[in-house]
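Here the structure comes first, spelled out in structure tokens, and everything after it is commentary.
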């Protein structure tokens, strides 16, 4: 565990449950989708924490709950020592100035009726009107032009519209918008998954360069383990709304402990044909259980080939097995 003064974001027992309702007029709640069901992790200043897992496991919901775009059902989210869940509207607006998001779909995240200059300038204008910033119109314009060049676009594109740009260029515009307010953590929600592979590497390298230049901290969400390995300092593996393993990136890829992590890594393509032919693939049983069921045992129990009797009725807690390596699995500790 990092010293407290090194921790920028500290998430504790975070839960996000969405109600399932029936009835066209008199709606009645008949259950809940447990998208995030009690996760805990911290992000240190200047690092990149990769959050990885299958589609639908709750990664994006986690990022949106941290940014308070979704109201958490329970839990605490400490940002620089303050619980975001307890801030009033004005305090939350100020906190969001220091925390920005890069969204997954570069096509849907940009307003097609606004020029890219207006899109990048919008957060600057909002916070200037609120009195948090003191920027003139010309100052905002210069900031926007500088940001365009920082992300590899020409300042002469400032008056163009989103439809005039490729997917990779649109994502660069989204990155420029996220950097406009000089955030400390950036929540990147699968920022390269909608892009061609050749463009992905360019965006990843850009994010790393910007991190070094602006001393940024990333929560980087992806389902591609190769992407996560390339950019992450540490990796958290998520399954069915919970984190099952978290470790330094090199350690997790070389010595995974949780059966789910091992299965994920066994599916990553290897460019060496000889190694690819000889390695053993781990095929998981069945499908991912529905997230509307409350679990009384291990969340991975239904698909685990190493399940034990204790796993059926007890939930394993994320426990440090090795230095800076935590896993939620009874194979490594007793309940």
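Reported count of residues in segment 12-29, each being surrounded by 10 or more Cβ atoms within 10 Å (Cβ to Cβ) and either in a loop (DSSP other than H, G, I, E, B) or free of Cβ contacts under 8 Å to residues at least 12 places away in the same chain (or both), is 4. If you go through segment 191-202 one residue at a time, do you hit one that is crowded, with 24+ Cβ neighbours inside 10 Å and within 24 Å of residue 120 (Cβ to Cβ)? Yes, some residue in segment 191-202 is crowded, with 24+ Cβ neighbours inside 10 Å and within 24 Å of residue 120 (Cβ to Cβ). Of all the listed residues (103, 79), the sole one being under 16 Å from the mean Cα position of the chain (by Cα) and over 29 Å from residue 153 (Cα atoms) is 79.
The set of residues in segment 30-46 that are part of a strand (DSSP E or B) and touching a helix residue (DSSP H, G or I) at 6+ places or on another chain (Cβ under 8 Å) comprises 35, 36, 39, 44.
Across segment 30-45, the number of residues qualifying as more than 19 Å from the chain's Cα centre (by Cα) and surrounded by 12 or more Cβ atoms within 10 Å (Cβ to Cβ) comes to 3.
Take the residues in segment 217-238 that are closer than 26 Å to residue 17 by Cα and at pLDDT below 95, then tell me which one is surrounded by the most Cβ atoms within 10 Å (Cβ to Cβ).
222
So in segment 146-166, with the set limited to residues that are in a helix (DSSP H, G or I) and touching a residue at least 24 places away in the same chain (Cβ under 8 Å), which one is farthest from residue 120 (Cα to Cα)? Outline the logic, then answer.
Filtering segment 146-166 for residues in a helix (DSSP H, G or I) gives 146-150, 155-157, 162-164.
Keeping just the survivors that are touching a residue at least 24 places away in the same chain (Cβ under 8 Å) gives 147-148, 150, 157, 162-163.
On the way: 147: 8, 148: 9, 150: 13, 157: 12, 162: 12, 163: 15 Å.
The residue in question is 163.
The values are calculated or read from the model by the stated rules, or taken from the named source; none is laboratory data. Small disclaimer: the values here were computed from a predicted structure and weren't measured. Cβ: placed from backbone, ideal geometry, glycine included. Neighbour counts: every protein chain shown.
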